[in-house]
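Report on the following structure.
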Amino acid sequence: MSKHRISLKVNGRLHELEVEANKTLLRLLREDLGLTGTKCACERGDCGLCTVWLDGKPVKSCLVLAVEADGHEITTIEGLARDGKLTPVQQKFVEHGAVQCGFCTPGMIMVAEAFLRENPNPTEEEVKEALGGVLCRCTGYRQIIDAVLDAAKEMRKAST
Amino acid sequence: MPEYSYVGKEVPRLDAVEKVTGAALYTADLKFQGLLYARLLKSPYAHAKIVRIDTSKAERLPGVHAVLTGEEIPYRFGIYMSDKYMLAYKKTRYVGEPVVAVAAESEELAEEAAELIEVEYEELPAVFDPREALKEGAPLVHEGLDEYLHAPFIFPKAGTNIANHFKLRKGDVEKGFKEADVIVENEFTQPMVQNVQMEPHVSIGQWHPNGRIDVWTSAQSPFAVRYLLSVGLGVPLHRITVRVPFLGGGFGGKAGLHWEPLVVLLSRKAGGRPVKLLMTREEEFNTAAVRQGMYARIKTGVKRDGRITAEEILYIWDSGAYADYAVNIARAAGYSCTGPYDVPNVKCDSLTVYTNHPYGTAYRGFGHVEFHWATERQMDLVAREIGMDPLEFRLKNAALPGKVTPTGEVLADDCGRVDQCLKAVAEELGWGKPREKRTENGKLQGIGIAALWKAPAMPSYTSSSAIVKLNEDGTVLLSLGLTEMGQGTETAFAQMVAQELKIPLEKVNVVRERNTDTAPYSWQTVASRGTFMDGNAVLRAVDDLKRKIKETASDLLGYPPESIAIADGYAFVAREPDKRVSLAQIATCGVLPDGRGVRGPLLGYGYYTAEGLTFLDPETGQGRPALMWTFGAQGAEVEVDPETGDLRILKVATALDLGKALNPLLVKGQIYGGVVQGLGTTVMEEFIFDEKGRLLNNNLTDYKIFRTQDIPDKFVPILIENPQRNAPYGARGIGEHPTIGIAAAVANAIYDATGVDFFDLPITRERLWKGLKGVKK
Ligand code: FES
Ligand code: FES
C-alpha cells in the first residue's frame with residue numbers, strides 16, 4: 001500500500017503523519033493518534049457514531065480517508081471540553097440522563113453541537129431530524145432530544 | 001446537618017462525565033504490547049460436512065502467527081447447555097459460523113490470510129423451521145446431544161432436535177376446557193432479531209507461557225466468563241483473570257460466554273501474544289448470537305362471565321445452531337407462560353429446537369417479549385369472542401396477591417400489583433371514554449393495552465456480593481461484581497451507600513473496571529436481578545462497615561458500639577454528638593490518646609443469595625422459580641394511514657410496579673430505551689433469510705433499528721411503588737420490562753383503529769398495508 005505524507009490539525013494540535021492510502025480518518029484518529037473517544041459501530045456510514053468535525057462540519061470519519069483530511073482541521077469529542085469545563089450540550093447530556101452505555105454519546109454530541117451552531121433555536125422536530133443519522137440502542141432518544149433542546153435554551157441565554 | 005437523602009432522587013449517573021468527554025475506555029479502546037488481530041473464515045453453508053481444510057498458504061504468509069481450525073480445539077462451551085464450539089467442528093451448522101480463525105499482525109493481514117484458506121465442504125440437508133425440525137426424519141443439527149453437559153433443569157432429547165423440553169402442568173386442563181363456555185385458539189409468530197448493541201462484541205485474550213490466562217472483554221458477566229472458560233478449556237479457574245472495562249450495551253447479548261475462548265486459544269497458538277477479535281457489524285448479525293424466533297399456539301377456555309378456566313400453550317423456540325442460552329429461555333417462558341393471570345388449569349410445553357439458523361441467546365426480556373406477544377394478543381382476541389372489554393377481562397383474571405402462578409406459587413401480599421398498572425395505563429389512554437376513531441384527514445386512531453410480568457430467569461441458587469472500603473480521607477469505595485452496561489445500577493447503589501452512611505454522594509466512588517481477581521463475586525449481570533440481589537449485598541456490606549466503624553469509634557470514645565451513630569463523615573455518641581471521631585481518622589486504625597493503634601483498616605462485605613427458590617418438577621413444572629415478580633402494563637395509541645399503511649405511534653404509556661424508584665431519572669431512561677427496543681421488534685426488526693439460510697439483511701442499512709424520527713410522539717412512564725419487603729428500599733428490577741408488552745399493545749391498538757388483526761411480527765408498513773387491503777400474506 002502506498003504511503004502518503006499528510007499534515008492536519010486535530011483538536012488544535014498540528015500532526016504530520018505517514019498514512020496508507022486506504023486508511024480512514026476514523027482509524028487514523030483511533031489507532032495512530034490514540035483518540036479513542038470517537039467510536040466505531042459499522043464502518044460503513046450507517047451508525048454515525050464515528051462523527052467528528054472536519055473544518056467545523058460533522059462528517060462520518062469512517063467514510064473519510066485520512067489523505068482527504070490533509071491540510072484540514074479536525075475536532076473530536078476530546079476537543080470539546082476545555083480545562084475540564086463541559087460544553088452546554090455535554091452538561092445537559094449529563095443532567096438529562098441522555099447517556100446510558102455511552103457508546104453513541106460522542107457521535108451524538110458532535111452532531112448536536114454542530115447542529116446548534118447552525119440552528120440555535122430549533123424545534124423538537126428539527127432536533128430529531130438533525131440527530132437522525134446517529135443510532136443509539138439504549139436511551140430511546142427521549143432524554144437525548146430533551147438534552148439538546150435544553151442546551152439550546154442555555155446557549156441562547158448565554159449569548160444574550 | 002444535611003439530609004443526605006439520595007434514594008429516590010434524580011441523580012445523574014456517576015460515569016456520565018467520562019462518557020460525554022470521550023474519556024471512557026471500552027474494550028476496543030485498550031492498547032496492548034505486541035497485539036495480534038484475529039479474523040474469521042466463515043461457513044457459506046447452513047449445514048455442511050467439513051471434508052478438508054488447507055491452511056498452508058495462510059500459514060506461510062509473513063506476519064501470520066496462528067491459524068486455528070475446529071479439529072484443533074474440540075472444546076464445547078456453554079452455561080446451560082455445553083453445545084457450542086468456537087470453530088465449526090467436523091460440520092458447520094449455520095451460515096456465518098466461524099470455521100477457521102487467523103491471528104496476524106494486522107487486521108488486513110489476518111483478512112488476507114483467511115482468504116487464502118481452502119475449505120472443502122459437503123453440503124448436508126438443512127432445517128430452518130423449528131416445526132419442521134421437530135418432525136421425524138428431520139436433519140439432526142446435533143447428533144451428539146446425549147454427550148453434552150447441561151444444567152440439571154434442562155431436558156434435551158437425544159436423537160432429536162429438542163435441546164430442552166419444558167413441561168408445565170397445573171390443575172386439570174381437560175376439566176377446565178369442559179367448564180369453558182367458549183374456547184379460542186390462535187397461533188402467533190415472531191422472527192429472529194438481534195440485540196444490536198452499539199458496541200460490537202470484542203475480546204482480547206492472552207495465554208501466557210506460564211499457563212496464566214488474561215482476558216479483556218465486552219462481557220456482561222466476568223465471573224461467568226471465567227468459570228465457563230475454565231470448565232470448557234479444562235484450565236484451573238485461578239489461572240484465569242477476566243477484566244471488563246466500560247461496556248457499550250449488552251441487553252443480554254453479552255451474557256454468558258461469547259468469543260473469549262477463541263482469542264485465548266489463538267493466543268496460545270501464537271506463543272502467548274495477546275489476540276484481539278473485534279466483530280464487524282456484519283458478523284454481529286451473521287456470526288454472533290441473536291434472539292431466537294418463536295412460534296406460539298394458545299388455546300384458551302373461558303366462561304361467558306370472563307373467567308379463564310383453562311389454557312393450553314405451546315411455545316416452540318427456534319434456537320438456531322446452538323442452544324446454550326435458548327434452553328433456559330424456553331424454561332423461563334414456560335414457567336411464566338400465561339402472563340400475569342390467574343389461570344386455574346394450565347398445560348404448557350415450551351420447546352427449544354435446534355435449526356440451521358444463527359444461534360439464539362438472551363435479549364432483553366428473555367423470551368417474555370416473544371411470548372407476551374402471543375398471550376396479550378390472545379387476551380384481546382378472547383375478550384372479543386365473549387364480548388367483554390379487554391381491560392375488564394384482564395382485570396378479572398389478574399394475578400393479584402394470593403393468586404397462584406402456573407408453577408403453584410401463591411403470590412405474596414407484597415408482590416406488586418398488575419391491576420394498578422393496568423388501571424393507570426388505561427386512564428392515561430382515556431380508556432372507556434368516547435373517542436373519534438377517524439381523524440379529519442382520514443387517518444384511523446386506536447388504543448391498545450397489554451399487561452406483563454417477569455421474574456429474574458436464573459438458576460435457583462445464584463448469589464451476589466459487594467465490598468465497601470473506607471478510604472483514608474473518609475470517602476468510600478464501592479466494589480461490585482455486577483457490571484455497568486448502561487443500566488445505571490452503579491449510580492443507584494452509590495446513592496444507597498451515601499444515604500446509609502449519611503455522607504455526600506461525591507464521597508462515594510465505584511470501582512470502574514471489573515476484574516475477577518479483585519472484584520467481589522456476582523453470578524451474572526442479567527435478568528433484571530442486579531438492583532435486587534446486588535443491591536441487597538450492597539446494603540449488607542454497608543451494615544458490616546457501619547458495625548466496624550462503630551467498634552473502632554467505641555474503642556476511642558469509650559462508649560458502647562450501640563450508642564454510636566454515623567453521619568456527616570463522623571462517628572459520634574448519639575446523645576452527645578460532640579464526642580466524635582471522623583471517618584477519615586479511623587479509616588486505617590484508631591489511635592488512642594497514648595499513641596497505641598487499635599482495630600484496623602475498615603472494609604464492609606455483604607452478600608445475597610437467592611432465597612427460597614427450587615428446581616421445578618420435570619414433569620409438571622411445579623416449584624418456585626421466581627425471586628420476585630415485576631408486574632406492569634403498557635398501552636399504545638396509534639394512528640394508521642389507511643391509504644399507505646403508515647403507522648404513527650402517538651403515545652406509549654408504561655406502568656411498572658417497581659416497588660421503589662431508586663433513581664427516577666435512570667428508571668425513565670430504562671423505560672424510554674426499553675419501549676423503543678420493543679417498538680423495533682414490533683414494527684421493523686426481522687432477520688430475512690434466503691432459502692439456503694443466508695441472512696439477507698446483515699447490516700444497519702437493511703436491518704433498521706429505531707432512529708430519533710421513529711420514536712413515539714409521547715412517552716408516559718408511570719412508576720408504581722408497592723414496596724417488596726425483602727428488596728433494597730423495596731425496589732424490584734425493571735431493566736427488561738419496558739420491552740415486554742409493547743408489541744401486543746401496539747397490535748391491539750392497530751386492531752382498535754382498523755379492525756385488522758395481526759398474528760405475526762413485525763408489523764411492517766407493507767404488512768400493515770396488505771392487512772388493510774385484505775391481501776393474504
Ligand atoms: S462507524 Fe462510521 S457511520 Fe458507523
Ligand atoms: S447510550 Fe448506549 S448506544 Fe446510546
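The values are calculated or read from the model by the stated rules, or taken from the named source; none is laboratory data. This is a predicted model, so every value here is computed, not measured. For neighbour counting, all protein chains shown are included, and Cβ atoms are generated from backbone atoms with ideal geometry for every residue, glycine included. Ligands, DNA and RNA are excluded from the accessible area calculation, which covers all protein heavy atoms including side chains. Shrake-Rupley method; radii C 1.70, N 1.55, O 1.52, S 1.80 Å.
Restricting the first member to the range B:148-173 and to residues that are farther than 17 Å from B:Gly334 by Cα, and the second to residues that are open to solvent by 60 Å² or more (accessible area, probe 1.4 Å), the beta-carbon pairs closer than 7 Å and six or more apart or on different chains are B:Tyr148/B:Arg76; B:Ala158/B:Asp146; B:Asn161/B:Leu134. Residues of the range A:54-99 that are assigned to a loop (DSSP other than H, G, I, E, B) and within 16 Å of ligand 1 (Cβ to nearest atom): A:Val64, A:Thr76. When each of B:Ala661, B:Ala655 is tested for being open to solvent by less than 10 Å² (accessible area, probe 1.4 Å) and in a strand (DSSP E or B), the lone residue that passes is B:Ala655.
Would you confirm, using the coordinates I've provided, whether B:Leu262 is within 27 Å of the chain's Cα centre (by Cα) and either open to solvent by 10 Å² or more (accessible area, probe 1.4 Å) or modelled with pLDDT under 95 (or both)? The answer is no for B:Leu262. Could you check the range A:146-160 and list, in sequence order, the residues that are within 16 Å of ligand 2 (Cβ to nearest atom) and buried (at least 21 other Cβ atoms within 10 Å of the Cβ)? Those that are within 16 Å of ligand 2 (Cβ to nearest atom) and buried (at least 21 other Cβ atoms within 10 Å of the Cβ): A:Ala147, A:Val148. Exactly one residue among A:Leu35, A:Leu65 is touching a strand residue (DSSP E or B) at 6+ places or on another chain (Cβ under 8 Å) and within 12 Å of another protein chain (Cβ to nearest Cβ), and that residue is A:Leu35. Look through A:Gln91, A:Gln100 and report the one residue that is open to solvent by 60 Å² or more (accessible area, probe 1.4 Å) and among the polar types (S, T, N, Q). Matching residue, one of A:Gln91, A:Gln100: A:Gln91. Would you mind finding the one in A:Val19, A:Val99, A:Val64 that is farther than 19 Å from B:Pro200 by Cβ and assigned by TED's automatic domain parsing to the domain that holds A:Gly132? So the residue among A:Val19, A:Val99, A:Val64 that is farther than 19 Å from B:Pro200 by Cβ and assigned by TED's automatic domain parsing to the domain that holds A:Gly132 is A:Val99. If you go through the range B:728-758 and keep only what is in a loop (DSSP other than H, G, I, E, B) and closer than 30 Å to B:Gly416 by Cα, you end up with B:Ala731, B:Arg732, B:Gly733, B:Ile734, B:Gly735, B:Glu736, B:Ile740, B:Gly741. Using the structure shown, decide if B:Leu656 is free of Cβ contacts under 8 Å to residues at least 24 places away in the same chain and away from ligand 1 (no atom under 16 Å from the Cβ). No. Scanning the range B:388-406 for residues that are of a type in the set (Asp, Glu) and open to solvent by less than 50 Å² (accessible area, probe 1.4 Å) turns up nothing.
In this structure, does A:Leu80 turn out to be more than 16 Å from ligand 2 (Cβ to nearest atom), closer than 24 Å to B:Tyr703 by Cα and surrounded by 21 or more Cβ atoms within 10 Å (Cβ to Cβ)? Criteria not met by A:Leu80. Considering the range A:16-41, the residues that are open to solvent by 20 Å² or more (accessible area, probe 1.4 Å), over 21 Å from A:Val134 (Cα atoms) and outside any loop (DSSP other than H, G, I, E, B) include one that is nearest to ligand 2 (Cβ to nearest atom), namely A:Glu31. Please find, within the range A:40-53, the residue that is nearest to the other protein chains (Cβ to nearest Cβ) out of those that are more than 7 Å from ligand 1 (Cβ to nearest atom) and either out of contact with any Leu (no Cβ under 8 Å at 6 or more places or on another chain) or within 15 Å of B:Glu199 (Cα to Cα) (or both). By that ranking, first place goes to A:Thr51. Residues of the range A:52-69 that are open to solvent by less than 10 Å² (accessible area, probe 1.4 Å) and either within 16 Å of ligand 2 (Cβ to nearest atom) or free of Cβ contacts under 8 Å to residues at least 60 places away in the same chain (or both): A:Val52, A:Ser61. When A:Arg44, A:Arg117 are checked against the criterion of being farther than 25 Å from B:Gly673 by Cβ and more than 16 Å from ligand 2 (Cβ to nearest atom), A:Arg117 stands alone in meeting it. Taking the stated definitions as given, is B:Ala494 touching a strand residue (DSSP E or B) at 6+ places or on another chain (Cβ under 8 Å) and among the aliphatic types (A, V, I, L, M)? So B:Ala494 fits the description; yes.
Taking each residue of the range A:89-109 that is farther than 17 Å from A:Cys62 by Cβ and looking for partners that are more than 11 Å from ligand 2 (Cβ to nearest atom) and open to solvent by 10 Å² or more (accessible area, probe 1.4 Å) with beta-carbon atoms closer than 6 Å, six or more apart or interchain, yields A:Val89/A:Glu113; A:Lys92/A:Asp150; A:Val94/B:Pro12; A:Glu95/B:Pro12; A:His96/A:Asp146; A:Gly97/B:Leu665. Of all the residues in the range A:120-135, those that are surrounded by 20 or more Cβ atoms within 10 Å (Cβ to Cβ) and away from ligand 2 (no atom under 14 Å from the Cβ) number 2. Here is a check on your reading of the model: is B:Asp324 modelled with pLDDT under 95, on the phi < 0 side of the Ramachandran plot and open to solvent by 10 Å² or more (accessible area, probe 1.4 Å)? It is true that B:Asp324 is modelled with pLDDT under 95, on the phi < 0 side of the Ramachandran plot and open to solvent by 10 Å² or more (accessible area, probe 1.4 Å).
With respect to the conditions (1) modelled with pLDDT of 95 or more; (2) open to solvent by 10 Å² or more (accessible area, probe 1.4 Å); (3) at negative phi, B:Gln487 falls short on a single one, namely (1).
Out of the residues in the range A:100-113 that are under 26 Å from B:Ser218 (Cα atoms) and of a type outside the set (A, V, I, L, M, F, W, C), which is nearest to ligand 1 (Cβ to nearest atom)? Ranking the candidates gives A:Gly107 first.
B:Lys254 meets each of the listed conditions (1) within 21 Å of the chain's Cα centre (by Cα); (2) charged (D, E, K, R); (3) over 30 Å from B:Thr375 (Cβ atoms) apart from (3).
Scoring B:Val242 on the criteria (1) open to solvent by less than 10 Å² (accessible area, probe 1.4 Å); (2) β-branched (Val, Ile, Thr); (3) over 30 Å from B:Lys276 (Cα atoms); (4) in a strand (DSSP E or B) leaves a single failure, condition (3).
Cβ separations smaller than 9 Å between residues 6+ apart or across chains give the following pairs from the range A:122-149 residues that are more than 8 Å from chain B (Cβ to nearest Cβ) to residues that are among the hydroxyl-bearing types (Ser, Thr, Tyr) and more than 16 Å from ligand 1 (Cβ to nearest atom): A:Leu149/A:Thr123. Taken over the range B:649-683, the residue count meeting the criterion of being over 20 Å from the mean Cα position of the chain (by Cα), away from chain A (no Cβ under 13 Å) and closer than 17 Å to B:Ile750 by Cα is 3. For the range B:1-33, a residue qualifies if it is within 14 Å of another protein chain (Cβ to nearest Cβ), part of a loop (DSSP other than H, G, I, E, B) and within 21 Å of B:Val102 (Cα to Cα), and the qualifying residues are B:Leu30, B:Lys31, B:Phe32.
Do any strands (runs of 3 or more DSSP E) entirely within the range B:34-89 hold 3 or more residues that are closer than 27 Å to B:Pro156 by Cα, and if so, which? The qualifying strands (runs of 3 or more DSSP E) are B:48-54.
Looking across the range A:105-151, just one residue is in contact with an Asp or Glu (Cβ under 7 Å, 6 or more places away or on another chain) and outside any helix (DSSP H, G or I), and that is A:Asn119.
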